[in-house]
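The values are calculated or read from the model by the stated rules, or taken from the named source; none is laboratory data. Being a predicted model, the structure only gives us computed values, none of them experimental. Here the Cβ is made from the backbone with ideal geometry for all residues, glycine too, and neighbour counts use every protein chain on show. These accessible areas exclude ligands, DNA and RNA; they are computed on the full protein's heavy atoms, side chains included. Shrake-Rupley method; radii C 1.70, N 1.55, O 1.52, S 1.80 Å.
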Amino acid sequence: DAVLLGHRKYTFTAWCNSHLRKAGTQIENIEEDFRNGLKLMLLLEVISGERLPKPDKGKMRFHKIANVNKALDFICSKGVKLVSIGAEEIVDGNVKMTLGMIWTIILRFAIQDISVEETSAKEGLLLWCQRKTAPYRNVNVQNFHISWKDGLALCALIHRHRPDLIDYSKLRKDDPMGNLNTAFEVAEKYLDIPKMLDAEDIVNTPKPDEKAIMTYVSCFYHAFAGAEQAETAANRICKVLAVNQENEKLMEEYEKLASELLEWIRRTIPWLENRVAEQTMRAMQQKLEDFRDYRRVHKPPKVQEKCQLEINFNTLQTKLRLSNRPAFMPSEGKMVSDIANAWKGLEQVEKGYEEWLLTEIRRLERLDHLAEKFKQKSSLHESWTSGKVELLSMKDYESASLMEIRALMRKHEAFESDLAAHQDRVEQIAAIAQELNELDYHDAVTINARCQGICDQWDNLGTLTQKRRDSLERVEKLWETIDQLYLEFAKRAAPFNNWMDGAMEDLQDMFIVHSIEEIQSLITAHDQFKATLPEADKERVATMGIQNEIVKIAQTYGIKLSGVNPYTNLSPQDITDKWDAVKHLVPLRDQMLQEEVARQQSNERLRRQFAAQANIIGPWIQTKMEEISHVSVDIAGSLEEQMSNLKQYEQNIINYKCNIDKLEGDHQLSQESLIFDNKHTNYTMEHVRVGWEQLLTTIARTINEVENQILTRDAKGISQEQLNEFRASFNHFDRKRNGMMDPDDFRACLISMGYDLGEVEFARIMTLVDSNNTGVVTFQAFIDFMTRETAETDTADQVMASFKILASDKTYITVEELRRELPPEQADYCISRMTSYVGSGAPPGALDYISFSSALYGESDL
C-alpha cells in the first residue's frame with residue numbers, strides 16, 4: 001500500500017501543479033502544501049474557472065479549517081458527495097484523506113464531464129481510448145492498469161492525434177521502458193502535459209495504480225479533446241464566414257454581371273440603330289452575317305446571363321433571408337428592373353434592324369444585278385469590237401488580188417450585217433446605264449464613262465465601215481481592169497513560153513549520130529529554127545506590152561501589185577530570162593553541131609582504115625582453116641609428111657600475128673571514139689579474134705592428133721595402109737565433117753564393120769571410147785578401140801618382172817639399186833612415188849615396187 005500511495009502521490013502532485021502553474025505557483029508536498037487551504041482554493045478556481053469565497057488570512061488552525069471547508073463546500077456545490085473527508089484531516093496533513101480529496105477533485109473536474117457515445121466519466125474515457133487506439137498493432141485497451149504497461153497505448157494516443165511527433169512503426173512491444181519514456185517526453189515537450197508517472201514504477205508493478213493512470217490519461221483526453229473543440233469552434237466560425245463570403249461573392253458577381261450586361265447593351269444598341277447602308281452587296285451581306293452572328297452567337301449567351309442574373313439575385317435574397325441577413329440592395333441603376341428596361345430597349349431597336357438589312361440587300365441585289373449585267377454586256381461588246389477599228393482601218397486591199405478584193409468585199413458585207421445585229425446590245429447597255437443612274441448606283445461615274453466610251457466607239461465604227469466599203473468598191477473596179485489584162489497576158493504568154501521550152505529542149509537535146517549524113521540533117525533543122533526567131537521576138541514584145549499596161553495602172557492609182565498573175569505562174573521576168581536563154585543557146589548549138597561534123601569525119605576515116613585490114617585478115621583465116629582441115633583428113637601421103645605440112649602451116653600462122661595486132665590497135669581507136677558499127681566491112685574485131693583463136697586451136701589439135709597417130713601406129717605396129725583404112729571409115733561416118741562422130745554415127749560404123757551390137761555391149765564400148773562422157777568419138781579414140789586387142793603392149797606383170805630383175809629377185813628394192821640402174825630423172829620419180837616396203841627381213845628405207853607397178857596401170861591408189 002505504501003508503494004501504491006507513493007505512486008499516487010507522485011501523480012496527483014504533478015496533476016495539481018499542471019493547473020497551479022497557470023496561477024504562477026505549485027506545490028512540493030501534497031499533504032503539507034494544501035493544509036492551510038489557500039492553494040486548495042486556488043486549484044479549484046483554476047480548474048473551475050470560477051471565483052471561490054475570499055479565504056481567511058489568519059494562520060491559526062481554525063483559519064486553515066475555514067479555508068479547507070470553503071474548498072470542500074465548493075466541491076459539494078458541484079454535486080460531489082464527500083464521504084469521510086473532513087477539513088480537520090486535511091489540515092492535520094492526513095495523506096490518505098488528502099489524496100482521497102484530490103482524487104475526488106480529479107473525478108469531478110477532469111473525468112466526470114467526459115462523454116463519448118452515451119457513456120461518461122471513467123467508461124467514457126475508456127471508450128475514447130479504445131476508439132483512438134483501435135487501428136494500432138499490439139494495442140488493446142481494456143482497463144486503466146495492465147493495458148498501459150508496455151507504453152504502446154500511450155504512444156498510439158499521441159500518434160493518432162499528432163503523427164508528426166512519434167514514428168510508431170519503429171516502436172517495439174519488448175521495449176516498454178523506451179516506449180513509456182518516449183510518450184512522457186513527447187507529451188511534456190509538445191503537448192504541455194507534465195510527467196505524472198514513472199516508467200520504472202509502471203513496468204515493475206504487476207498492476208499499476210488505476211487512479212494514477214486514469215489521471216494521466218485524462219490529461220491526454222483534455223489536451224486532444226480541447227483541440228477538437230477548438231477545431232469545432234473554428235469550423236463554426238468558418239461556416240458563418242463562408243456564408244458571408246459566399247453572399248458577398250454572389251453580390252459581387254451580380255454587380256459584375258449586371259455591369260457587363262448593361263455595358264454590352266449600351267454598346268450594342270448604337271450598332272443596331274445604325275441604318276447607314278453600305279455601297280456594296282458584299283458589305284451589306286457582311287452586315288447581315290454580323291447580325292445573324294449576333295442573334296446566333298453573341299445574344300444567346302447574354303440572354304442566358306440575364307436569366308442567370310435574375311436567378312442569382314433571387315437565390316442571394318433567399319440565402320440572406322434564411323441566414324438572418326438584411327436583403328441585398330444593388331448599386332444604383334443595376335436593379336433587376338433596370339436591366340429588364342435596358343433589355344427591352346435593346347429588343348425594340350433590334351426588331352426593325354433585320355428587316356431594314358433585308359430591304360437594303362434586295363435593293364443592292366437589284367443594283368448589283370444591273371451592274372453585273374452592264375459589265376457582262378459591255379465586256380461582250382468590247383470583246384466583239386476589239387480590233388475592229390484596226391481591221392476597218394487596214395489598207396490590205398491595196399496589195400490584194402481581184403479574188404482577194406472580192407473576198408474582202410464579201411467579208412466586209414458580213415461585217416456590216418454583224419454590226420447591224422449588235423445595235424440592240426448597244427441600246428441595251430445605254431438603257432441599263434440610265435437605270436443605274438436613276439437608282440443612284442454608288443459607282444455611276446465608272447458606268448457612265450464606260451457607256452460613253454462604247455457609244456463613241458460605235459459611232460466611229462459606223463463611219464469607218466462606210467469608208468472601207470467605198471475604198472473596196474473603187475479598188476475592185478481597178479482590179480477588174482487589171483485582171484482582164486492579166487488574163488490576156490496569160491493567154492499569150494503560155495503558148496510563147498511553150499515555144500521557148502520546146503526551143504530550149506531542142507537546142508539542148510543530146511544527139512547521138514553515127515554518120516556524116518545524120519549530123520548534116522541536124523544542121524539543116526537548126527538553120528530552119530534560126531529563121532523563126534525574128535517572128536518570135538515580135539510576139540515577146542507584144543506580150544511584155546500587156547504587162548507594162550498593168551504596171552502603169554497600178555502606179556497611177558496607187559495599187560500594190562502582188563507580183564503574181566492569178567491565171568499563170570509565168571512572170572514577165574520568166575519570159576525575159578527564158579528568151580535570153582534561148583538566144584544564148586543558139587550559138588552554142590551551132591558550135592556543138594560543127595564539132596560533131598568534125599568528129600564524124602574522123603570516125604569515118606577510122607572505119608575505112610579498120611575495114612581495109614579486116615577484109616583481108618578475115619578471108620585469110622578462113623582459107624587457112626579449110627587448108628588445115630583438108631590436111632587432117634587427107635589420106636594421101638605418110639603421117640610424117642602430114643606433120644611436116646602442118647608444122648609449115650603453124651609457122652606461117654605465127655608469122656601472121658603482127659597483122660592481128662595492128663587490127664587490134666585500129667579497133668581500140670574505134671572503141672575510144674565510140675564507133676560501134678562499120679558499113680565498110682562485115683568483119684568485127686570479135687569475129688576476127690574468135691577465128692584467130694580457132695585457127696590456133698585447130699592447128700595445135702591437128703598436130704597433136706597426127707603425133708598420137710604416129711605413137712599409136714608405132715606402139716601397135718599398125719601399117720600405113722591400115723591407118724588409111726581407119727581414116728577412110730572414120731571420114732565416111734563423120735557426117736558433120738568436124739573430125740568427130742556422134743554415138744549414132746559410131747554405132748553405124750561398127751555395124752558396117754561386122755560388129756553384132758546389143759544395147760549393153762554398145763554401152764560398154766562407149767565407156768571405152770568416151771570415158772569422159774563428152775558425147776562424141778574422136779579419131780584417136782576410134783583408132784585406140786580398133787587396135788586394142790591386136791597390138792602388143794606392156795603390162796603390169798611385165799613391169800614387176802623387170803623391177804624384180806633390178807632387185808636381184810627380192811620382193812623389195814633399195815634406193816641405191818634404183819639410182820644405180822635407172823637414169824636420175826626416172827630414179828627420182830620412182831623413189832618419190834614408191835611406198836615403204838612392209839615385210840620382214842628388209843633393210844630400213846626399202847621400197848615396195850610391186851604396188852608401184854600395179855598403180856602405173858591403174859590397179860591401185862597410187
**Item:** Residues (open to solvent by 40 Å² or more (accessible area, probe 1.4 Å) and either within 16 Å of LYS306 (Cα to Cα) or assigned to a helix (DSSP H, G or I) (or both)) located in the stretch 270-281
**Value:** PRO270, TRP271, GLU273
**Asked** Do we find that LEU197 is more than 22 Å from ALA14 (Cα to Cα), of a type in the set (A, V, I, L, M, F, W, C) and outside any helix (DSSP H, G or I) in this structure?
**Response** no
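Any chance the stretch 23-45 includes a residue that's among the basic types (Lys, Arg) and surrounded by fewer than 17 Cβ atoms within 10 Å (Cβ to Cβ)? First the steps, then the outcome.
Residues of the stretch 23-45 that are among the basic types (Lys, Arg), as a first pass: 35, 39.
Checking the rest, the ones that are also surrounded by fewer than 17 Cβ atoms within 10 Å (Cβ to Cβ) come to none.
There is no residue in the stretch 23-45 that is among the basic types (Lys, Arg) and surrounded by fewer than 17 Cβ atoms within 10 Å (Cβ to Cβ).
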**Request:** Could you check, for the stretch 682-699, whether at least one of its residues is at pLDDT 85 or above, open to solvent by 90 Å² or more (accessible area, probe 1.4 Å), of a type outside the set (Ser, Thr, Tyr) and outside any helix (DSSP H, G or I)?
**Result:** yes
**Prompt:** Can you spot a residue in the stretch 181-200 that is within 30 Å of LYS96 (Cα to Cα), open to solvent by 30 Å² or more (accessible area, probe 1.4 Å) and of a type in the set (A, V, I, L, M, F, W, C)?
**Reply:** no
**The one condition in (1) open to solvent by 30 Å² or more (accessible area, probe 1.4 Å); (2) over 27 Å from LYS560 (Cα atoms); (3) in a helix (DSSP H, G or I); (4) not hydrophobic (A, V, I, L, M, F, W, C) that GLY502 fails to fulfil** = (1)
**Subset tally (residues that are open to solvent by 10 Å² or more (accessible area, probe 1.4 Å) and hydroxyl-bearing (Ser, Thr, Tyr)) for the stretch 121-164** = 2
**Complete:** Wholly inside the stretch 39-141, helices (runs of 4 or more DSSP H) that include 1 or more residues that are basic (Lys, Arg) are 61-77, 95-106, 121-133
**Request:** Return only the number of the condition from (1) outside any loop (DSSP other than H, G, I, E, B); (2) within 22 Å of PHE109 (Cβ to Cβ); (3) open to solvent by 50 Å² or more (accessible area, probe 1.4 Å) that PHE12 does not satisfy.
**Result:** (3)
**Request:** Evaluate the stretch 513-532: report whether one residue or more is touching a helix residue (DSSP H, G or I) at 6+ places or on another chain (Cβ under 6 Å) and not in a helix (DSSP H, G or I).
**Result:** yes
**Prompt:** Scanning for something modelled with pLDDT of 80 or more, over 60 Å from the mean Cα position of the chain (by Cα) and surrounded by 11 or more Cβ atoms within 10 Å (Cβ to Cβ), does the stretch 223-242 turn up at least one residue?
**Reply:** yes
**Prompt:** Take the residues of the stretch 306-362 that are among the β-branched types (Val, Ile, Thr) and open to solvent by 30 Å² or more (accessible area, probe 1.4 Å): which is nearest to ALA258 (Cα to Cα)?
**Reply:** VAL336
**Prompt:** What number goes with the only condition from (1) surrounded by 15 or more Cβ atoms within 10 Å (Cβ to Cβ); (2) in contact (Cβ under 8 Å) with a residue 12 or more places away in the chain that LYS299 does not pass?
**Reply:** (2)
**Request:** Please enumerate the residues belonging to the stretch 363-391 that are open to solvent by 50 Å² or more (accessible area, probe 1.4 Å) and modelled with pLDDT of 80 or more.
**Result:** HIS369, GLU372, LYS373, LYS375, GLN376, SER379, LEU380, GLU382, SER383, SER386, GLU390, LEU391
**Asked** Does the stretch 810-834 hold any residues that are of a type outside the set (Lys, Arg), within 16 Å of MET800 (Cα to Cα) and open to solvent by less than 70 Å² (accessible area, probe 1.4 Å), and which are they?
**Response** THR811, TYR812, ILE813, THR814, GLU817, LEU818, LEU822, ALA827, CYS830, ILE831, MET834
**Request:** Please determine, by comparing only the residues of the stretch 463-490 that are touching a Phe, Trp or Tyr at 6+ places or on another chain (Cβ under 9 Å) and of a type in the set (A, V, I, L, M), which one is surrounded by the fewest Cβ atoms within 10 Å (Cβ to Cβ).
**Result:** LEU487
**Complete:** Within the stretch 392-405, the residues that are assigned to a helix (DSSP H, G or I) and open to solvent by 80 Å² or more (accessible area, probe 1.4 Å) are MET403, GLU404
**Message:** If TRP128 satisfies all but one of (1) touching a strand residue (DSSP E or B) at 6+ places or on another chain (Cβ under 8 Å); (2) free of Cβ contacts under 8 Å to residues at least 40 places away in the same chain, what's the number of the condition it fails?
**Reply:** (2)
**Fill in**
Over the stretch 732-758, the set of residues open to solvent by less than 30 Å² (accessible area, probe 1.4 Å) and in a helix (DSSP H, G or I) is PHE733, ASP745, PHE746, CYS749, LEU750
